[in-house]
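Structure first, then comments.
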Amino acid sequence: MQLSFLGAAGTVTGSKYLVTFNGFQLLVDCGLYQGLKDYRRRNWQPLPIPAEDIDAVVLTHAHIDHSGYLPALVRQGYDGPVYCSQGTRDLCRVLLPDAGYLQEEDARFANKHGFSRHQPALPLYTEEDARRSLKLFRPLPLDSINDIGKGLTLRLRPAGHILGACTLEVFNGRHLLCFSGDLGRADDPIMYPPEPMPRADYLVLESTYGNRLHAETDSLVTLEQIINKTAKRGGIVLMPSFAVGRAQLALHMISQLKLQNRIPRELPVYLNSPMAIKATELFYQHPEKHRLTHEDCQRIDAGTHYVRTMEESMALNRRTFPAIIISASGMASGGRVLHHLNTLAPNHRNSIVFMGFQAPGTRGEKMVNGAREVKIHGRQVTINADVHNLEGLSAHADYQGILDWLTAVHQPPRKVLITHGEPTASVSLAEHIQTRFGWSAEVPELGTTIEIPDPD
């Protein structure tokens, strides 16, 4: 068996791993690079293997940095099965067409305003490519062993993090190769904790927070203070948010603050992201997958204005009274939130509240680190609004959470391979693992292929 690292090595985005066995080629995750321009350029580079030579794809979860390259792969000729959980399939039905639409919209906008270096600017893939990719999905039941051919089996276990997120076991009869995907937190307010993985011969482990612990501050109190202070001065609170997970958490927190009379009950709340609206509806439809009660969901639904059309979104930018606007994307890398930033960021009465990890190179990362202007749609926008980051709201386990999850691995892995993190975070997590467990842990480089030898 061989394992090749085609993405998420040395960075926290673009997850892709190729498992080769008996001539069978399995792509684990098919993520889009996000963040720094040098990373985004990799989306346009051909994979080291032709798309038509890949036999199957399996997704750990639906976030775009794990699933968003799939329509491009289909555009290149891939037509095999895409295995995942039911929740991941349902979310990808929302996320991938929207990603294709945004690719097309960004290209159209760039061509209209002439700020692209490419003439004409083209989308990486289209909404139609995304819809074609959805026809390939083959959901698997959780905690079951599934034969995919050539002696390989797959098993998915819940990983917390977001709806449908899973850890993955790939078994060839001799080697158990495991992937953490993105691990959720044991104390996540809306998602259940990740299930333990009792055994792994080789483990590919994420390290988004590999060198950090989540802040112990009460994020609900912080958000309460920001909202009240902003509303008192007549401003608007803009919350750039991931459409899946963080948007629903933001709505839940605001609902709780209103229920407890800690912020004005009459303060309007707008969810301006068609993708987040559909994802929120999926939360309502799958109450067994998360901690929110039926009453919680009803309260959120009743207290939220869903902004579904572009006309409504544009009208929202003309409003001047206090309000809360939740809009994607969570790192301000695209989507409707950019139009809100363009309008709201220059006004000192307003507040911009990010919710967790901001990848290097994103507008979110620049803003939380004090940038006084960012480029949006080809021009510089001044940041006079207050900027906050509720780091304690990350959907990822911190390094202590990852170590706690690893304690359930009863048979020590031969090797732990640390990926999906910035270099310092990955190296730090490898050191933590070696110190606490005495296991072999290393950080592979992009393009590395390792041989997985037969057990003794």
Simple spin-label model, 7 Å along Cα-to-Cβ: Arg372 to Gln225 in nm?
2.5
Give the accessible area for Tyr202 in Å² (nearest 10); use a 1.4 Å probe, count only protein heavy atoms, and leave out ligands, DNA and RNA.
20
After finding the eigenvalues of the alpha carbon gyration tensor for the chain, what semi-axes result from the square roots of 5 times each, listed largest first in whole Å?
36, 25, 20
For helix 423-437, what angle does its Cα long axis make with the longest principal axis of the chain, in degrees from 0 to 90 and rounded to 10?
60
Ordering Tyr270, Tyr125, Tyr284 by the accessible surface of their heavy atoms, 1.4 Å probe, largest first, yields Tyr284, Tyr270, Tyr125
Order Glu311, Glu128 by their accessible area, 1.4 angstrom probe, all chains in place, largest first.
Glu311, Glu128
When the Cα centres of segment 1-55 and segment 393-456 are compared, how far apart do they sit, in Å?
19
How big is the accessible area of Thr222 in square angstrom, nearest 10, if you roll a 1.4 angstrom probe over the protein chains?
40
What is the mean projected area of the alpha carbon convex hull for segment 226-341, to one decimal in square nanometres?
6.9
Förster-model FRET efficiency, 25 Å R0, Gln411 and Ala215, C-beta, rounded to 0.05
0.15
Can you compute the charge dipole magnitude of segment 349-438 about its Cα centre, using +1 on each Lys and Arg Cβ and -1 on each Asp and Glu Cβ, nothing else charged? Give it in debye, rounded to the nearest 20.
320
Charge dipole (debye, nearest 20) of the chain; +1 at Cβ of Lys and Arg, -1 at Cβ of Asp and Glu
1560
Just to confirm the filter: which trypsin sites (Lys or Arg not before Pro) across segment 356-456 are DSSP coil and have at most 16 other Cβ within 10 angstrom of their Cβ?
Arg372, Arg414
Fully extended, how many nm does the chain gain between Glu312 and Asp53 (0.36 nm per residue separation, minus their Cα-Cα distance)?
88.7 nm
Given Cβ point charges of +1 (Lys, Arg) and -1 (Asp, Glu) and nothing else, what value in debye, to the nearest 20, does the dipole of segment 9-112 about its Cα centre take?
320
Ser333 accessible area, assembled protein chains, probe 1.4 Å, Å²:
60
Can you check what the Kirkwood hydrodynamic radius comes to for segment 202-262, Cα pairs only, in Å to one decimal?
14.0
Measure off, as a whole percent, the carbon and sulfur share of the 1.4 Å-probe accessible area of segment 341-452, all protein chains present.
45
Hey, what's the chain come to in accessible area per residue, 1.4 Å probe, Å²?
40
Label point at Glu431 placed 7 Å out along Cα→Cβ; residues across segment 208-222 whose backbone nitrogen lies under 15 Å:
210-213
Rounded to a whole number, what % of the accessible area of segment 29-106 do carbon and sulfur atoms account for, probe 1.4 Å?
44
Tell me the relative contact order for the chain as a rounded percent, counting alpha carbon contacts under 8 Å between residues six or more apart.
19
Could you give me D for segment 103-226, from Stokes-Einstein at 20 °C and 1.002 mPa s, where the hydrodynamic radius is the Kirkwood radius over C-alpha pairs? Units µm² s⁻¹, please.
115
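The values are calculated or read from the model by the stated rules, or taken from the named source; none is laboratory data. Keep in mind that what you see is a predicted model, and the values were worked out from it rather than measured. Methodologically, a virtual Cβ is constructed for each residue, glycine included, from the backbone with ideal geometry; neighbour enumeration extends over all protein chains shown. Note: areas computed on protein heavy atoms with side chains; ligands, DNA, RNA excluded. Shrake-Rupley method; radii C 1.70, N 1.55, O 1.52, S 1.80 Å.
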